[in-house]
Amino acid sequence: MAIRYRGFSTVDRVKKFHLVDFELVRQDLINHFNMHKGQKLMNPDFGTIIWGLLYEPMTADLKAILVADVTRIVKYDPRLRADSVIINEFEQGLKIEIELTFLPGNFSSSLQLEFNSNSEQVAVV
């Protein structure tokens, strides 16, 4: 398969600086989840509301809001589709598991993210 997307990441440069295809798209998605909604200059709809909801009690309504936010963020990138979103609580925050499909190649992968109230960055599990 030919490389369709090329880019680079300054995150964890020791491992890999140049990224292609799914690795690049995945890092772009993680970067989106690292931003609070409204934090990006000139684009107040970019980012996630999850960071502001970490201390809220988990109700069915809140879970639906979180799933809708995750789905919105994945839809923002035309290279991805969210097939399922699972939200779980843990002591310091939320764990979100997303089943993703990389659309140009119909490649599926699971992405697990931890939003920890003691951290300012989302952790990939």
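The values are calculated or read from the model by the stated rules, or taken from the named source; none is laboratory data. No experiment lies behind these values; they were computed from the predicted model shown. When we count neighbours, we look across all protein chains shown, and the Cβ atoms used for this are built from the backbone with ideal geometry, even at glycine.
Of L94, L62, L66, all but one fail to be assigned to a helix (DSSP H, G or I), under 15 Å from F33 (Cβ atoms) and of a type in the set (A, V, I, L, M); the exception is L66. Consider region 38-83 and keep the residues that are basic (K, R) and free of Cβ contacts under 8 Å to residues at least 24 places away in the same chain. The one that is farthest from N106 (Cα to Cα) is K40.
Taking the residues in region 44-79 that are within 12 Å of the chain's Cα centre (by Cα) and hydroxyl-bearing (S, T, Y) as candidates, determine which candidate is surrounded by the fewest Cβ atoms within 10 Å (Cβ to Cβ). Selected residue: Y76.
Take the residues of region 90-125 that are at pLDDT below 95 and among the charged types (D, E, K, R): which is farthest from L24 (Cα to Cα)? Top of the filtered list is E91. Scanning region 84-107 for residues being in contact (Cβ under 8 Å) with a residue 24 or more places away in the chain and surrounded by 12 or more Cβ atoms within 10 Å (Cβ to Cβ) gives a total of 14.
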